[in-house]
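The values are calculated or read from the model by the stated rules, or taken from the named source; none is laboratory data. Predicted model, so just to flag it, every value in this text is computed and none were measured. Glycine gets a Cβ as well: all are built from the backbone with ideal geometry, and neighbour counts include every protein chain shown.
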Amino acid sequence: MPVEKEFRPKIVAFCCNWCSYAGADLAGSSRLGYPADVKIIRVPCSCRVNPMFILRAFEKGADGVILCGCHPGDCHYSTGNYYARRRMTLLFSLLDYLGVEEGRTRVEWVSAAEGVKFSTVMNEFVDKIRSLGENVRLGDLRCKN
Amino acid sequence: MQRIGVFVCHCGSNIAATVDVKRVVETVKKEQGVVHAEDYPYMCSEAGQALIAAAIKEKNLGGIVVCSCSPRMHEATFRKAAERAGLNPYMVEIANIREHCSWIHKDMEEATEKAVILARAAIAKVHLNSHLQPGESLVTKRALVIGGGIAGIQTALDIAEAGYEVDIVEKTPSIGGRMSQLDKTFPTLDCSACILTPKMVDAAAHEKINLYTYSEVESVSGFVGNFSVDIRKKARFVDMNKCTGCGLCQEKCPSKKAKSEFNRGLNTRSAIYTPFAQAIPNVPVIDTESCVKMKTGKCGLCEKVCQAGAIDYSQKDEIITEKYGAIVVATGFDTINLDQYGEYAYNESPDVITSLELERVMNAAGPTKGHLERLSDGKAPKEIVFIQCVGSRCDDHRGKPYCSKICCMYTAKHAMLIRDKYPDVNVTVFYIDVRTPGKNFDEFYRRAVEEYGVNYIKGQVGKVVPQPDGSLLVQGSDLLDGKQIKMRADMVVLATAIEPEAGVRKIATMLTASIDTNNFLTEAHPKLRPVESPTAGVFLSGVCQGPKDIPETVSQAGAAAVKVIGLLAKDKLLTNPCTAESDTLLCNGCSVCQNVCPYGAIGYEDKEVNDHGIRETRRVAVVNSALCQGCGACTVACPSGAMDLKGFSNRQILAEVDAICR
Ligand SMILES: Cc1cc2nc3c(=O)[nH]c(=O)nc-3n(C[C@H](O)[C@H](O)[C@H](O)COP(=O)(O)OP(=O)(O)OC[C@H]3O[C@@H](n4cnc5c(N)ncnc54)[C@H](O)[C@@H]3O)c2cc1C
Ligand code: SF4
Ligand code: SF4
Ligand code: FES
């Protein structure tokens with residue numbers, strides 16, 4: 001009987017340097033695990049994340065994209081996360097319309113002290129993506145092997 | 001195509017136990033442009049850095065990737081190493097394979113695979129890195145200290161002694177903070193005012209220190225070395241230059257029913273008041289809420305009696321703008337509100353008080369002139385019960401999860417002082433644990449038990465019930481004897497948890513300094529950078545960073561001062577070169593970017609452009625790299641795709657995305 005290969009999603013996490021990247025570091029130093037499917041890209045602030053980056057990730061075969069920033073009011077640059085929040089709300093609903101379900105995208109605020117939250121959020125997100133299965137809608141077929 | 005070197009660190013076994021470093025080396029060698037890859041037990045060690053330098057020179061590397069711990073840890077180390085070997089420091093990228101990989105994964109296969117992917121992303125990025133040059137900015141040689149408690153005073157004195165100007169902004173009418181409210185201090189039992197007042201006087205008299213009391217920070221802009229701060233000097237209605245501090249106005253003021261904040265509301269004060277006798281400055285303020293003149297227009301007695309003519313009812317708040325190179329937060333603490341702790345009957349009985357209130361009761365200048373008496377009937381208590389950990393180490397929503405650290409010691413102090421002065425009073429202390437680490441601390445606690453016969457009971461108090469005869473019934477448990485206790489007390493003292501001063505959140509937001517879930521300010525590194533905030537140029541002093549007693553506060557205050565002095569001693573600072581830049585050919589001068597920039601870093605200039613042979617003058621965005629902090633907000637807002645961020649460019653981030661999704 002052929003063994004069905006376990007679905008391992010590709011997940012990109014954009015983390016702002018000041019809070020959420022530090023939160024991810026704290027999750028690490030506290031040894032709070034989450035699946036290896038999550039790969040983090042460091043950006044100075046959540047407001048640096050261009051919708052284009054997220055579209056590109058889905059196009060290149062990502063199954064989920066999460067954006068993490070500082071809590072509202074705590075952005076190192078004061079207002080960056082407010083911009084990010086507004087932009088992502090729009091982008092995510094547009095993506096949903098295009099068939100990339102809302103569950104594949106997420107915005108989460110994680111402070112530098114919230115290692116536990118970082119790990120919990122990532123575990124939840126990976127579970128969600130696993131339940132949704134592979135992302136087929138935006139993937140550029142030429143990118144698949 | 002750059003010539004790239006990859007350096008994979010074992011971090012002892014921290015990385016190597018979960019990530020097959022040799023396999024990472026072998027795999028990345030196949031990546032485009034990688035001409036060198038090797039592993040080493042400790043890349044950050046001198047030998048490790050030498051290895052990197054040697055490879056840069058021998059292989060003529062144009063960019064390097066270090067697969068190691070977080071860039072927040074050692075990015076600076078490896079950049080310096082590259083620079084020493086002649087490589088532009090911004091040609092270094094870090095793949096975080098420790099915090100984001102080996103430490104959170106158990107399976108070697110999985111972790112190794114992920115480490116390779118993280119390395120690939122960093123390699124893809126470094127290919128697109130450019131030779132950035134940090135700019136320079138000047139340092140304003142003046143410091144601001146927010147909060148004039150013992151922490152703020154000590155920090156200011158130390159900075160001033162090094163020859164720099166310091167301003168202290170204190171929101172209450174006097175400097176001194178909580179320590180001025182204490183009676184005696186552990187572990188030596190010296191009188192708090194006797195050791196604090198001279199320091200307050202020193203600060204006020206120091207030629208380099210300027211006090212803004214009854215003032216608050218209104219707004220902060222700028223960055224390390226170049227902060228600009230608006231300070232609101234609240235109207236005192238008393239001219240600081242004319243007042244002689246005679247106190248006649250306070251005596252004559254007919255409105256004497258305002259609760260004294262200094263005495264924790266246990267007695268009253270006049271509408272024109274100084275919080276306490278040794279207040280600095282010794283210049284009263286008028287509290288508009290209780291002043292008859294302010295409310296009804298009639299009275300004006302203080303103006304009449306003041307021989308110096310210092311009273312000025314028309315005074316207005318004043319906003320002062322000052323420039324600073326460094327800012328120290330020293331906003332201290334308060335005790336938590338006890339409304340949620342109905343079981344201790346704090347709101348029901350005046351004979352249930354907090355420890356801070358007891359400090360005032362025991363103080364000669366306090367509401368009872370230092371006599372230990374019940375606040376309900378003025379009778380001398382015979383039986384006193386102390387309850388420790390009220391709201392500390394509490395796992396429900398009512399209290400704080402942390403240990404307030406000072407309560408075990410001050411409760412032992414209170415118990416001892418009471419037994420010393422009133423040997424016929426019985427003192428019982430309910431505790432969960434007694435925690436007394438610190439020089440001469442355990443000895444101090446043992447003296448309370450052994451010499452002064454204080455009755456310590458390990459157990460919690462479930463309820464305090466006021467009795468019809470005016471006494472209090474204390475119901476608790478004795479965990480060591482395994483029995484329930486019911487005892488009668490005349491007074492109950494609650495060692496109430498402390499928490500950061502309520503206004504600290506606002507301050508932290510203004511400074512963009514991070515704060516933890518309990519509102520304590522976060523340090524840049526919990527072990528190695530304990531007095532710096534992660535925000536450059538902002539430093540932490542005293543209890544605003546975490547619970548501590550006076551000796552610890554003073555040491556930390558000195559440490560913060562040293563960091564400030566180190567900063568102010570520099571004439572210039574290197575600025576972050578990862579700033580925004582707009583492409584004059586793409587920019588159409590729409591002003592969208594200017595509107596989102598939180599630092600006002602974007603302006604417009606008319607520039608000559610040559611657009612495919614068409615020469616014309618266009619209005620284009622120009623970023624002031626001294627003001628730009630590199631957040632990137634503008635890059636995403638720009639509808640023309642003209643704005644990009646150096647060091648985190650669109651192409652660099654897309655390359656990382658591609659490498660991860662490959
Ligand atoms: C009951 C009790 C007994 C104690 N007994 C002892 C003892 O015996 N020995 C000992 O070593 N320690 C003792 N302590 C601890 C001691 O009080 C603290 O360690 C010390 O006061 C901390 O000093 P600080 O300057 O950090 O904070 P604080 O004393 O709280 O000073 C902070 C100052 O900042 C001001 N401020 C706050 N917010 C702002 C703002 N937004 N703008 C401007 N100004 C602001 C406040 O008005 C205050 O003046 C005791 C504490 C308590 C509660
Ligand atoms: S990156 Fe753009 S928005 Fe951010 S500070 Fe610089 S110029 Fe302003
Ligand atoms: S948003 Fe873009 S196009 Fe508009 S002014 Fe700024 S850089 Fe130019
Ligand atoms: S820096 Fe974290 S969201 Fe702006």
Just one of B:SER68, B:SER102 is of a type in the set (Gly, Ala, Ser), within 14 Å of chain A (Cβ to nearest Cβ) and touching a Lys or Arg at 6+ places or on another chain (Cβ under 7 Å); which is it? B:SER68
Test for B:ILE387: is it at pLDDT 95 or above, farther than 19 Å from B:LEU472 by Cα and among the aliphatic types (A, V, I, L, M): no
Wholly within region B:296-358, strands (runs of 3 or more DSSP E) carrying at least 3 residues that are at pLDDT 95 or above, of a type outside the set (Asp, Glu) and within 30 Å of B:GLU532 (Cα to Cα): B:318-324, B:326-329
Flag for B:CYS403 being more than 16 Å from ligand 4 (Cβ to nearest atom), assigned to a loop (DSSP other than H, G, I, E, B) and either at pLDDT 95 or above or assigned by TED's automatic domain parsing to the domain that holds B:LEU494 (or both): yes
Hey, among the residues in region A:37-95 that are among the aromatic types (Phe, Trp, Tyr) and either closer than 23 Å to A:GLY23 by Cα or without any contact (Cβ under 8 Å) to a residue 24 or more places away in the chain (or both), which one's nearest to ligand 1 (Cβ to nearest atom)? A:TYR77
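Pick out, from region B:552-662, the strands (runs of 3 or more DSSP E) lying fully within it that include 2 or more residues that are more than 11 Å from chain A (Cβ to nearest Cβ) and within 30 Å of the chain's Cα centre (by Cα).
Where strands (runs of 3 or more DSSP E) fall fully within region B:552-662 and carry at least 2 residues being more than 11 Å from chain A (Cβ to nearest Cβ) and within 30 Å of the chain's Cα centre (by Cα), they are B:572-574.
Residues are listed down the side, and each one gets a yes or a no for (1) crowded, with 18+ Cβ neighbours inside 10 Å; (2) not small (Gly, Ala, Ser):
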position: B:THR213; (1), (2): yes, yes
position: B:LYS242; (1), (2): no, yes
position: B:LYS252; (1), (2): no, yes
position: B:THR268; (1), (2): no, yes
position: B:GLN278; (1), (2): no, yes
position: B:THR288; (1), (2): no, yes
position: B:LYS295; (1), (2): no, yes
position: B:GLN307; (1), (2): no, yes
position: B:SER314; (1), (2): no, no
Of all residues being touching a strand residue (DSSP E or B) at 6+ places or on another chain (Cβ under 9 Å) and within 17 Å of B:ALA111 (Cβ to Cβ) in region A:14-30, which is farthest from the other protein chains (Cβ to nearest Cβ)? Just the residue, please. A:ALA24
Between a residue in region B:637-653 that is within 10 Å of A:ARG48 (Cα to Cα) and any residue that is in a loop (DSSP other than H, G, I, E, B) and at pLDDT 95 or above, which pairs come within a Cβ distance under 6 Å, given they are 6 or more apart or on different chains? B:LEU645/B:GLY632; B:PHE648/A:PRO44
With the condition being within 7 Å of chain B (Cβ to nearest Cβ), I'd like the helices (runs of 4 or more DSSP H) fully within region A:31-142 carrying at least 3 qualifying residues. A:51-59, A:80-97
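On the given criteria, is B:ILE150 away from ligand 4 (no atom under 16 Å from the Cβ), in the same structural domain as B:VAL564 (by TED's automatic domain parsing) and buried (at least 24 other Cβ atoms within 10 Å of the Cβ)? Even if it seems obvious, please write down each step before you answer.
On the way: away from ligand 4 (no atom under 16 Å from the Cβ): yes; in the same structural domain as B:VAL564 (by TED's automatic domain parsing): yes; buried (at least 24 other Cβ atoms within 10 Å of the Cβ): yes.
Considered against the rule, which asks whether it is away from ligand 4 (no atom under 16 Å from the Cβ), in the same structural domain as B:VAL564 (by TED's automatic domain parsing) and buried (at least 24 other Cβ atoms within 10 Å of the Cβ), B:ILE150 comes out as yes.
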Counting only strands (runs of 3 or more DSSP E) wholly inside region B:103-214, the ones holding at least 1 residues that are in contact with a Pro (Cβ under 9 Å, 6 or more places away or on another chain) are B:209-213
For region B:231-258, name all the residues that are polar (S, T, N, Q) and more than 24 Å from B:LEU144 (Cα to Cα). B:THR244, B:GLN250, B:SER255
Criterion first (surrounded by 23 or more Cβ atoms within 10 Å (Cβ to Cβ) and either part of a strand (DSSP E or B) or charged (D, E, K, R) (or both)) does B:VAL65 satisfy it? yes
Look at B:SER625 and say whether it is under 27 Å from B:THR535 (Cβ atoms) and more than 16 Å from ligand 4 (Cβ to nearest atom). yes
